[in-house]
Amino acid sequence: MDRPGIVAFLGSGEAASTGRRVHEWLFTRLAQPVRVAILETPAGFEPNSAYVAERIAEFLRVRLQNYRPRVDVVPARRRGAPDGPDNPAVLTPLLRASYIFMGAGSPTYAARHLAGTRAWHTLVARYQLGATLCFASAGAIAAGAYALPVYEIYKAGEDPHWRPGLDIFGPYGLRLAIVTHWNNAEGGVHLDTSHCFMGKARMKQLLSLLPDDATALGIDEHTGFIMEPSTQSCHVLGEGSVTLVRGGSAKAYPSGSEFPMSELGRVRWPAPGEGVPPEVWRDVIANQQAEADEEPEAMPQEVATLIERREGARRRRDWALADALRDELASLGYRVMDTPDGPQWETTGANPS
């Protein structure tokens, strides 16, 4: 059975240099031009939600221009609205997207206005068929089985509790509680704002409320956690660590770590279309076929790996290896240029792979 696509969770910094590294890691594994759909829903209650979504859209257009991303924003701000998550006309970009992003806002608002909607079912179907998902900050929290009510507890003083999340991995046998901003320190010495502004004491109480089969996934700021079903592996990128809390024990994985998905729980692979309404599945399949007829081949995996290895060599200041990898890329028909925003590349037409 074909595996679903890659999923990335960002603790913060989706429009910063660390976020760019994660986006590029994902983009290199997709056909070009990368078709991006940004769900505005988590910030849909804010008067400036369009600006919030357009900010990350422009970041992807400019900072990852080598991949020629075609970026669309999907408003889907609230249930029942003309541009809401059940309006098929609004959701057209989702049907064709190979990269779906959901970021800042309120986790509980996102879960409340997306759960069971056509927008969410379309996202799930695209993911089952191989699209890449990237959730950041509030979007990442909402994607879990248990959503942390950050504003309700931190700002409004409600008792520690969890609310139902969108549960993206429920059909795969994983019960995740995703907590971003795990190492936040905005409160300074007088206020513990770690663990997504809950502090250690409240987070300890929150963890005790999770069922025994749940895994809490704490993601530091400016850190990405990537799940790759095709290899059944997990990767940590960025400046911090990812902490897994399961069965009362915690284990931290620093940046650069790789470990099997089985550490999150026992994984199952649902049948294609499982849990998706038939009419949504038909629409997605039809658009996937149209996409296959139009899209060019993806960058060869060998080339993507060489570019990634070369960036690692440059970060370690191993210039000899970086130069050797540049020459190897040139022999495959790819010219790499180093810029302040990261590597830029182009095909030369010589000896194409």
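No lab work stands behind these numbers, since they all come straight from the coordinates. Please read all numbers here as calculations on a predicted model, not as lab measurements. Please note: Cβ atoms are built from the backbone with ideal geometry, for glycine as well, and neighbour counts cover all protein chains shown.
Work out, step by step, the length gained on full extension between W269 and R309: first 0.36 nm times the residue separation, then minus their alpha carbon distance; give nm to one decimal.
11.3 nm
Would you kindly state how much longer the chain becomes between S262 and A330 on full extension, computed as 0.36 nm times their sequence separation minus their alpha carbon distance, in nm to one decimal?
Length gained, S262 through A330: 20.6 nm.
Which of rounded, prolate or oblate describes the range 131-283 when judged by the alpha-carbon gyration tensor and an a/c cut-off of 1.5?
prolate
Once the other residues with Cβ under 12 Å from the Cβ of W319 are scored (Lys, Arg +1; Asp, Glu -1), what is the net sum?
Residues close to W319 contribute a combined charge of +3.
Tell me, what HN-Hα J-couplings in whole Hz come from the Karplus equation 6.51 cos²θ - 1.76 cosθ + 1.60 at θ = phi - 60° for each residue of the range 159-165, using x for Gly and Pro?
Karplus values, whole Hz, x for Gly and Pro: 5, x, 6, 10, 10, x, x.
Once you keep just the Cα pairs under 8 angstrom separated by 6 or more residues, what percentage relative contact order results for the chain?
18
Go ahead and run the numbers for FRET between A156 and Q289, Cβ-Cβ distance against an R0 of 51 Å, rounding to 0.05.
For A156 and Q289, the calculated efficiency is 0.60.
Give a residue-ordered list of calculated ³J(HN,Hα) values for the range 139-154 (Karplus: 6.51 cos²θ - 1.76 cosθ + 1.60, θ = phi - 60°; whole Hz; x for Gly, Pro).
Taking θ as phi minus 60°, the curve returns x, 5, 4, 5, 6, x, 6, 10, 9, 7, x, 4, 5, 4, 7, 6 Hz for the range 139-154.
With θ set to phi - 60°, apply the Karplus curve 6.51 cos²θ - 1.76 cosθ + 1.60 along the range 7-15 and write out the HN-Hα couplings as whole Hz, x wherever there is a Gly or Pro.
Taking θ as phi minus 60°, the curve returns 10, 10, 10, 10, x, 4, x, 5, 10 Hz for the range 7-15.
Among all stretches of the chain without exposed trypsin sites (Lys or Arg not before Pro) (DSSP loop, at most 10 other Cβ atoms within 10 Å), which one is longest?
The longest such stretch corresponds to 1-154.
If you find the alpha carbon centre of the range 48-81 and of the range 153-190, how far apart are they in angstrom?
So the two Cα centres are separated by 24 Å.
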